[in-house]
1. Which of (1) buried (at least 17 other Cβ atoms within 10 Å of the Cβ); (2) closer than 21 Å to residue 287 by Cβ; (3) at pLDDT 85 or above is the odd one out, the single condition residue 365 does not satisfy?
2. Search the range 96-132 for residues being among the aromatic types (Phe, Trp, Tyr) and under 31 Å from the mean Cα position of the chain (by Cα), and hand back the single one that is surrounded by the most Cβ atoms within 10 Å (Cβ to Cβ).
3. Based on what the data block shows, is residue 158 at pLDDT below 95, among the aliphatic types (A, V, I, L, M) and in the same structural domain as residue 178 (by TED's automatic domain parsing)?
4. Can you go through 257, 312, 247 and tell me which one is aromatic (Phe, Trp, Tyr), closer than 13 Å to residue 351 by Cα and outside any loop (DSSP other than H, G, I, E, B)?
5. How about the range 109-167: which strands (runs of 3 or more DSSP E) wholly inside it have at least 2 residues that are of a type in the set (A, V, I, L, M) and either within 28 Å of residue 68 (Cβ to Cβ) or in contact with a helix residue (DSSP H, G or I) (Cβ under 8 Å, 6 or more places away or on another chain) (or both)?
6. Residue 223: of a type in the set (S, T, N, Q) and out of contact with any Ser or Thr (no Cβ under 9 Å at 6 or more places or on another chain), yes or no?
7. So how many residues does the range 192-201 have that are crowded, with 21+ Cβ neighbours inside 10 Å and either of a type in the set (A, V, I, L, M) or assigned to a loop (DSSP other than H, G, I, E, B) (or both)?
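The values are calculated or read from the model by the stated rules, or taken from the named source; none is laboratory data. Because the structure is predicted, anything quoted here is derived from the model rather than measured. Note that we place each Cβ from the backbone using ideal geometry, even for glycine, and neighbour counts take in every protein chain shown.
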Amino acid sequence: MEGCNEKYMQKKIALIVLGLLTITAFISPNVSNAVETRNETYSPNFPLLDGTLTFLTKINFTTVNGNERKMMTIDQQDTVEVKSILDSNASFPEGLEWIMVNQTITNFQFIQEVNGNVNFSATDFIIRYYDHFGDVVAETSDPSVQYNATFTKTSRLVKTASTPYGTDNAELIAQDDLGTEMGTDLGLAFPTFDDPAPYFMETQDMQLGQPVGDMGTVAGEKTIDGQDFWIINNSIHDSFINVDSLYTVEKQTGLIYQVIAAISLGNTTFLSGSANLTSGLELIDNDTPTLEITEMENGIYVTANDTSLQKYQIYVDGTLNREGYFNDSSFDGDFSFDDLPEGQYNVTVVVWDAFQNNVTKQLSLNITHPTTETITNTTTNATSNESQSTTSPSPLGIQPFATALTMTAIWSRKRRN
């Protein structure tokens, strides 16, 4: 049981510090006096971060067992394709995001020492895949691993995953020039159902000093290349576990920009490493939507544009009157306020894109209601109502580190049982 608990703690801590992270997309508040009805059909114009991301990961990993010491250095490059997908079964506001990951080990060095002397060394490896019963299902010398998954845009939980050979873990096996093999005690972990989505963290409600689940505490903020980031620090120190990690996470999308971490488990396991986003930051949209509003009879005409146009709110004299979601990157339409009593009102329109950039415009609107005129002639009596009716549009719809250090899911074959 003790060995089982140690294995569990190893994997847990590795995943907590360097593992699967989440973000919650921007969700509008439920305002009781909003008069518009939300469209329950998912629209792809609700992106998370569509495009190609690349990450560079460096890991140093050491295990000690009596007079034996294993030391390993790994460089890994991740290419990550992210895009919105249309799912007819997805209800508001749970759109789906699809992610395809290609992880390639570009450098591998392994040394085993016994009593301080080199006993085995290798620069090649194989990957051995296991099912959940612990049985080997495949092995390959290909340095690249691919998988894909879908996850919800709001909760950022994995809904489907397609992993190599249908497995959720694999082990790295060092192999020397003679073909001799040796386990490294290091492995791969793949996302499974309801795991946090890869490469992202929840940032919507973050504040300085706020705990972030098992990941640490929001310790600061900074700006890099015009983007704003949270700094999240984690520090755990007790008799068995020592963890120090630092995350740099983009505020709007929750994209993990950098992870630096060091972990030790007792006197037997030591890991340090970093993961850095090397391209893809430019995909984040910092531009505010364009917005124009003009007065019309008892209403306003609105024109809005943005590549990720998402949401609007309309306030009358400072009180929310209606809100909704766009289902296209541009909108032209009118909003009627015939239901308001006659008088002068200040109308404010706020429009957001999916990255929470927003723009506000305001105008003064005069509401009038024509009187009813009765016309009488010698043969008939008729009543005519000359009030002009406008049609309220229905623009409503909705849009929308695998491991930061995936290789660090500490996986010990000898502790499997």
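1. Among (1) buried (at least 17 other Cβ atoms within 10 Å of the Cβ); (2) closer than 21 Å to residue 287 by Cβ; (3) at pLDDT 85 or above, residue 365 violates only (2).
2. 129
3. yes
4. Working: 257 fails: closer than 13 Å to residue 351 by Cα; 247 fails: closer than 13 Å to residue 351 by Cα.
312 is the lone residue from the list that is aromatic (Phe, Trp, Tyr), closer than 13 Å to residue 351 by Cα and outside any loop (DSSP other than H, G, I, E, B).
5. 117-122, 124-130, 136-140
6. Numbers: of a type in the set (S, T, N, Q): yes; out of contact with any Ser or Thr (no Cβ under 9 Å at 6 or more places or on another chain): yes.
Against the criterion (of a type in the set (S, T, N, Q) and out of contact with any Ser or Thr (no Cβ under 9 Å at 6 or more places or on another chain)), residue 223 qualifies.
7. 5
Matching residues to (1) modelled with pLDDT under 90; (2) under 29 Å from residue 146 (Cβ atoms):
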| residue | (1), (2) |
| --- | --- |
| 165 | no, yes |
| 168 | yes, yes |
| 184 | no, yes |
| 209 | no, no |
